[in-house]
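The values are calculated or read from the model by the stated rules, or taken from the named source; none is laboratory data. What you see is a predicted model, and the numbers here were worked out from it, not measured in a lab. With ideal geometry, Cβ positions are generated from the backbone for all residues, glycine too; neighbour counts draw on all protein chains shown. Surface areas here come from the heavy atoms of the whole protein model, side chains and all, with no ligands, DNA or RNA. Shrake-Rupley method; radii C 1.70, N 1.55, O 1.52, S 1.80 Å.
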Amino acid sequence: LCVPAVPVLFKQALQNTDVEEGKSVSLRCELTKADATVVWKKGEATLQASAKYEMKQKGTVAELVIHNAEPEDA
């Protein structure tokens, strides 16, 4: 019996968030499948974990924390 893979969808998409320059901001989304692979991008560039970008994932919730936010992070 072959069961087709169920696509991972967003249950809750990212919301626009305002943050004061120099502060940290957390962006979250919820997926339909726990522990699905999430890739965070800014335009075409894939973000990598660093002192500026912190990626977290627990179950179906994926989170990107941007530290020391700047206008260029929009």
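With respect to (1) of a type in the set (D, E, K, R); (2) under 14 Å from the mean Cα position of the chain (by Cα); (3) open to solvent by less than 90 Å² (accessible area, probe 1.4 Å), the lone exception for GLU70 is condition (2). When restricted to residues that are over 13 Å from the mean Cα position of the chain (by Cα) and open to solvent by 90 Å² or more (accessible area, probe 1.4 Å), region 36-57 contains 2.
Flag: LEU27 matches the condition of being part of a strand (DSSP E or B) and either of a type in the set (A, V, I, L, M) or open to solvent by 80 Å² or more (accessible area, probe 1.4 Å) (or both). As a summary of the residue check, PHE10 satisfies the conditions (1) of a type outside the set (Asp, Glu); (2) modelled with pLDDT of 95 or more; (3) open to solvent by 100 Å² or more (accessible area, probe 1.4 Å) except for the one numbered (2). Of all residues in region 58-67, those satisfying the criterion of being without any contact (Cβ under 8 Å) to a residue 40 or more places away in the chain and either surrounded by 15 or more Cβ atoms within 10 Å (Cβ to Cβ) or not small (Gly, Ala, Ser) (or both) are LYS58, VAL61, ALA62, GLU63, LEU64.
What do you reckon, is LYS33 under 11 Å from the mean Cα position of the chain (by Cα) and surrounded by 10 or more Cβ atoms within 10 Å (Cβ to Cβ)? Considered against the rule, which asks whether it is under 11 Å from the mean Cα position of the chain (by Cα) and surrounded by 10 or more Cβ atoms within 10 Å (Cβ to Cβ), LYS33 comes out as no. Residues in region 53-72 that are of a type in the set (D, E, K, R) and over 19 Å from ASP35 (Cα atoms): GLU70, GLU72.
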